[in-house]
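Read the figures in this text as sums done on the coordinates, not as results from a lab. What you see is a predicted model; the values in this text were computed from it and never measured. So basically every Cβ, Gly included, is an ideal-geometry build from the backbone, and we count neighbours across all protein chains shown.
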Amino acid sequence: MNFIKERSRILTVNLTPGTTFFGEELVRRGKEYRVLDPTRSKLGAALMKGLQQHGILPGKTVLYLGASHGYTPSFVSDLVGNEGFVFCLDFAPRVVRDLVFVCEARTNMAPILASANEPETYAGVVPIVDVVYQDIAQREQVAMFLKNCDRFLRRGGYGLLALKARSIDVAKKPGEIFKRVRKEFEDGEASKRYVLIDYRELHPFEKDHAFYVVKKK
């Protein structure tokens, strides 16, 4: 396992020993570890809820959509290690400015200023990857996720979707949205190309969020 799970927190080996970027706690367990707060990270919340199959392993290449300031991407950087790589994409110039500083300090991360809804604009930069991770709160987030997985995810690779129900339809109960998206992966058009291998609702760490893991056929 490439992380340590301790009660209410996740620990990852710090690739930049002695350095923090977001005020995270550092602890020693032989090596120096960073503490991933599950209330600040959907990945951290999913791991705390028992997620096991995620594909973010040493040496793997990840396309991270919705990287924001870089909090969770920096922990993904820890998980893939120096032999792996994380392409960190966001469309907001203000947050990408912060993201650049994190990427400059870590040789296995690169920032990309682009819209995840337009993969053709970064197709010349991003190769075929082992993992596509998306955390974008937009109405068409599922379609956007599938568009990127279709284009960049290798066969047998993992797609990780942190879904915010209220961004899809504020009038419907989150449980209804979660069920509808599951059905799309299990019986819908997406099931022809992907297999749903894990699903976790993220309460109490993240309200109205669920986490889906699919594997490309």
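Only Cα sites of segment 96-212 enter the Debye sum here, all with the same form factor; the resulting log10 I(q)/I(0) across q = 0.18 1/Å is -1.03, listed in q order.
Among 178, 101, 75, which one shows the highest mean-square fluctuation when the chain is modelled as a Gaussian network with alpha-carbon springs under 10 Å? Top of the fluctuation ranking is 101. At a Förster distance of 25 Å, what's the computed FRET efficiency of residue 6 paired with residue 82, Cβ-Cβ distance as r, to 0.05? Working from the Cβ atoms, E equals 0.55. Residue 117 sits among other residues whose Cβ lies under 14 Å from its own Cβ, and their net charge, with Lys and Arg +1 and Asp and Glu -1, is -2. Estimated at 0.36 nm per residue, the fully extended path between residue 117 and residue 40 surpasses their Cα-Cα distance by 25.3 nm.
Taking every DSSP beta bridge that has both ends in the chain, the antiparallel portion is near 55%.
Here the extension length gained between residue 187 and residue 52 equals 46.3 nm, from 0.36 nm per residue of separation less the Cα-Cα distance. Eigen-decomposition of the gyration tensor built on the alpha-carbon atoms of segment 1-96 gives equivalent ellipsoid semi-axes of 20, 15, 14 angstrom, largest listed first.
Take every Cα pair under 8 Å whose residues are at least 6 apart in sequence, average their separation, divide by the length of segment 81-197, and the relative contact order is 18 percent. Selection among 110, 84, 43 by position relative to the dipole of segment 37-142 gives 43 as farthest towards the positive end (Cβ unit charges, Cα centre).
P(r) tail for segment 55-129: Cα pairs beyond 22 Å make up 14% of the total. Short-range pairs are left out: with C-alpha atoms under 8 Å and at least six residues apart, the relative contact order of the chain is 17 percent.
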